[in-house]
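Peer 1: The structure under discussion is supplied below as structure tokens; questions concerning it will follow.
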Ligand code: ADE
């Protein structure tokens, strides 16, 4: 079943690149995904098509007014005659829960996603509380402020679409990469075997698949331990030493618990 995206924004033109090139474009062409844009300005009723206004109490910047956002959401939701249960509703804000690979994986199983992009200083709070009551959750791309929710929405679109079965060239590609097991990717190499004096690790040229697997796993753990200790602390990771892992000398590392080891 195709996954449909409804993206509500005042800048639909910003998405031309992401829907026009690469994996998302191909997924649209092959019918794996549909992407529809709703311009929030189409739901304004004044001459200037204004979607924003100054904050009560003063302060810098402008806020999205409730009217156009609620009307746009109602219009989008009304168009789906029988709302499927697997609908995901997201408002992009820097105050939201931080986006994770787990979210993308879960959303890739949905049949309909509605994404609302803010701009300016943010939303009138009644938009957030009112839409939360309708199942929308606030999601942030990360702990930094962008000029709007469009780039985060593109990240979600790209990250979800590439997980759809058939979207990537190789079916395993999306399983074997960073964050899928809460670990960073292992180092990879392609030809030539030597470049400017830098060698490809011997084991990768050995043809011994068991050794290669073992090496890759060790490298993933080593990298994760060196760069992203926080991933090893996350739920679902269990303390366990892996032969050859350099961290054995210091402390035990954690790795995902698959439930079949002591
Ligand atoms: N809008 C502005 N900054 C954002 C962020 N970091 N995540 C989601 N939406 C945003």
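Peer 1: How many of the residues in region 109-144 are closer than 21 Å to residue 25 by Cα and surrounded by fewer than 16 Cβ atoms within 10 Å (Cβ to Cβ)?
Peer 2: Adding up the residues that qualify gives 2.
Peer 1: Looking only at region 79-118, how many residues end up being closer than 14 Å to residue 153 by Cα, part of a loop (DSSP other than H, G, I, E, B) and over 14 Å from the mean Cα position of the chain (by Cα)?
Peer 2: Adding up the residues that qualify gives 1.
Peer 1: Kindly indicate whether any position in region 60-78 is part of a strand (DSSP E or B), within 15 Å of the ligand (Cβ to nearest atom), buried (at least 18 other Cβ atoms within 10 Å of the Cβ) and in the same structural domain as residue 137 (by TED's automatic domain parsing).
Peer 2: Yes - at least one qualifying residue is present in region 60-78.
Peer 1: Filter region 119-144 down to residues that are within 16 Å of the ligand (Cβ to nearest atom) and assigned to a loop (DSSP other than H, G, I, E, B) and give me whichever is nearest to residue 60 (Cα to Cα).
Peer 2: Looking at residues that are within 16 Å of the ligand (Cβ to nearest atom) and assigned to a loop (DSSP other than H, G, I, E, B), I get 121.
Peer 1: Specify the residue that is farthest from the ligand (Cβ to nearest atom); the eligible residues are those in region 150-169 that are part of a helix (DSSP H, G or I) and more than 17 Å from residue 179 (Cα to Cα).
Peer 2: Checking each candidate, the answer is 157.
Yes/no matrix, rows are residues, columns are (1) in a helix (DSSP H, G or I); (2) at pLDDT below 75:
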site: 174; (1), (2): no, yes
site: 189; (1), (2): no, no
site: 210; (1), (2): yes, no
site: 215; (1), (2): yes, no
site: 224; (1), (2): yes, no
site: 242; (1), (2): no, yes
site: 255; (1), (2): no, yes
site: 262; (1), (2): no, yes
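Peer 1: Taking residue 168, is it buried (at least 18 other Cβ atoms within 10 Å of the Cβ) and not assigned by TED's automatic domain parsing to the domain that holds residue 92?
Peer 2: no
Peer 1: In this structure, does residue 102 turn out to be touching a residue at least 12 places away in the same chain (Cβ under 8 Å) and more than 20 Å from residue 65 (Cα to Cα)?
Peer 2: no
Peer 1: Here's a follow-up. In this structure, is residue 147 assigned by TED's automatic domain parsing to the domain that holds residue 38, more than 10 Å from the ligand (Cβ to nearest atom) and surrounded by fewer than 15 Cβ atoms within 10 Å (Cβ to Cβ)?
Peer 2: no
The values are calculated or read from the model by the stated rules, or taken from the named source; none is laboratory data. None of these values were measured; they are calculated from a predicted model. Glycine gets a Cβ as well: all are built from the backbone with ideal geometry, and neighbour counts include every protein chain shown.
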